[in-house]
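Where a number appears in this text, it was derived from the coordinates with a stated rule and is not lab data. Values in this document were obtained by computation on a predicted structure and should not be read as measured data. Cβ coordinates were reconstructed from backbone atoms using ideal geometry, including for glycine residues, and neighbour counts include every protein chain displayed.
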Amino acid sequence: MTGTLEDPTARPRIGIDLGGTKIEGLALDGAGRERARRRVATPRGDYEATVRAVADLVAALERETGARSGGASVGVGIPGTLSPATGLVKNANSTWLIGRPLDKDLATALRRPVRMANDADCFALSEASDGAAVGARVVFGIILGTGVGGGLVVDGRPVSGPNAIGGEWGHNPLPWPTDAERPGPSCYCGLSGCIETFLSGPGLAADHARVTGARLEGPEIAARAEAGDLACRDTLSRYAERLARATATVLNVLDPEVVVLGGGLSNLPLLYEVVPAAWPRWVFSDTVATALRPPRHGDSSGVRGAAWLWPAAPAAGMGETDADGPSP
């Protein structure tokens, strides 16, 4: 599927990005062109209302594109994953989804099969399909935001794995830590020193506060660094060097052709200069040909990737419901 677009007259693909505060929906034609987009507030804490909101959003997108009811494929990205053991949502920061058979309930509500994947997997799939990594066989997508997520795409297909944790790079320890980085900040997962505690937005702000005593958020740190603030420049330099170390382990294990950065912190220009320049120190190779790129589709990559979950067959363990809902 990578880099291959279909007949634009093919049935629409609808992607849904189910976030904690908003649900975004997008309809693509067979050539990957956007035909409709809508966004609604997420009914926080109300599972049944969330299922209804997704179903209503899909219906609205079908009406807007002129597709017959039930005629579009539907892919859904969620801030968590489906447990291969139980078929229920796990690891979701939208806690009202946890323990629920969301894919099956959506298939019933939508009266058609639904494919579902982690939102970081959707980001990586979008950029591999028609984004910054189009044409690459092995792509690793990273989201640097409130948390740190990762997604792996091989030959155009997201790889989730038998435990549905493929790409959960943010909950490995920061590699090659200095004495000052040990044991590292506590992580909500119960461990200390996870990559997420250093490279998330809150992690960046916390690092700046530890070193300088000043409490600033990431955008302000970046703005002050641009204006010449040396302390803020030092903070971003530490961040970039840690990102280089952390991504070097991905290169050593997966050897991807392209690493794509997403999330708010992906907008820092120095990352695309400093990180590749630092890789040779940490990567176990005499040359490093992997490209580090910003996303082509920006904040839209997650919802586009959800749409691209069709028509390719999903990777094992991706979390798919192919059983049709009830007949009309």
What whole-number volume per residue, in cubic angstrom, does the convex hull of the C-alpha atoms of the chain give? 132 Å³
Residue 38 to residue 93: extension gain in nm, 0.36 nm per residue of separation minus the Cα-Cα distance? 17.5 nm
Counted charge near residue 149, where neighbours are those whose Cβ lies closer than 11 Å (Asp, Glu -1; Lys, Arg +1): -4
What is the ratio of the Cα radius of gyration of the stretch 134-295 to 2.2 N^0.38 Å, where N is its residue count, to two decimals? 1.01
Label-point gap, in nm, between residue 299 and residue 273 - each point 7 angstrom along Cα→Cβ: 2.7 nm
Spelling out what I want: for every residue of the stretch 170-177, take phi, set θ = phi - 60°, compute 6.51 cos²θ - 1.76 cosθ + 1.60 (Karplus), and round to whole Hz; glycine and proline get x. x, 10, 9, x, 4, x, 6, x
Hey, can you grab everything whose amide H is under 5 Å from the amide H of residue 192? Only 5+ residues off in sequence or another chain; H modelled, so Pro and N-termini drop out. 187
What distance in nm separates the simple spin-label points at residue 284 and residue 255, each placed 7 Å from Cα in the Cβ direction? 1.1 nm
Built amide H within the under 5 Å cut-off of residue 35, gap 5+: 27, 28, 29
Can you quote the Å³ per residue value for the convex hull of the Cα atoms in the stretch 62-179, rounded to an integer? 159 Å³
Once both label points are put 7 Å beyond Cα along the C-beta direction, the residue 188-residue 215 separation in nm becomes 1.9 nm
Added length on full extension, which subtracts the Cα-Cα distance from 0.36 nm per residue, residue 46 to residue 60: 2.9 nm
Counting only residues 5 or more apart in sequence or on a different chain, those whose built amide H sits under 5 Å from that of residue 216 are 209
